[in-house]
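First comes the structure, then the notes that go with it.
The values are calculated or read from the model by the stated rules, or taken from the named source; none is laboratory data. Just so we're clear, the structure is a prediction, and the values are computed from it rather than from any experiment. For neighbour counting, all protein chains shown are included, and Cβ atoms are generated from backbone atoms with ideal geometry for every residue, glycine included.
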Amino acid sequence: MRKMYILITILVLIAFTIIVTKQINTTYATGTHTEQIQKAAVSEKVEWEGVGQAAENEKAEALSHETIVRLTDQFMELLVQETDDNYRVKHYDTKEALLDAFDPYVKRESAEPYIDYYYEEKADGLYIIPTETPPWFQKDQEYEKIVKDKKTVEIKQTNQTDLYGPYTIIIEFQNIDGSWIIANIRN
């Protein structure tokens, strides 16, 4: 991933050098005065600073393996709630309250289908429906990371389990206000 950032930076720098060289050659060819050459030099400095800042922003916002593991583990920890002997959830009384717990880590519309499938609200509280957990991200297995843009990354992982057989899971992460969250989950 780091090599890709370096390659992109080098390509941007080469393109910028070509553009500046053409501007300077045009300035000389048209016989314009020194002021335009100075403006081109100032413009070059601003562009170089912009390229450096963009590279720093990308480093700061890069989605790491540790962040992927932390968010996917947090999702599963929230999905599988502690219950009493009758499967009544101990820490949440409603689906809405449980969904609120997902908010810092997962977009609500991505968590809702899981909550609707695995939980049932009754007059005396929230109950988990006893079943297996869904096919999920395996932190020790290889996966493909697809960068959609600097604030959106998808991971795609193909796994196999005895229960589900072969399956592929795609999880989209978005950087919102400097924090990565799970934005979409597809099996």
### Task
Specify which of the listed residues (LEU126, LEU163, LEU99) is at pLDDT below 95, of a type in the set (A, V, I, L, M) and touching an Asp or Glu at 6+ places or on another chain (Cβ under 7 Å).
LEU163
### Task
Filter the range 163-176 down to residues that are in a strand (DSSP E or B) and of a type in the set (A, V, I, L, M, F, W, C) and give me whichever is surrounded by the fewest Cβ atoms within 10 Å (Cβ to Cβ).
ILE176
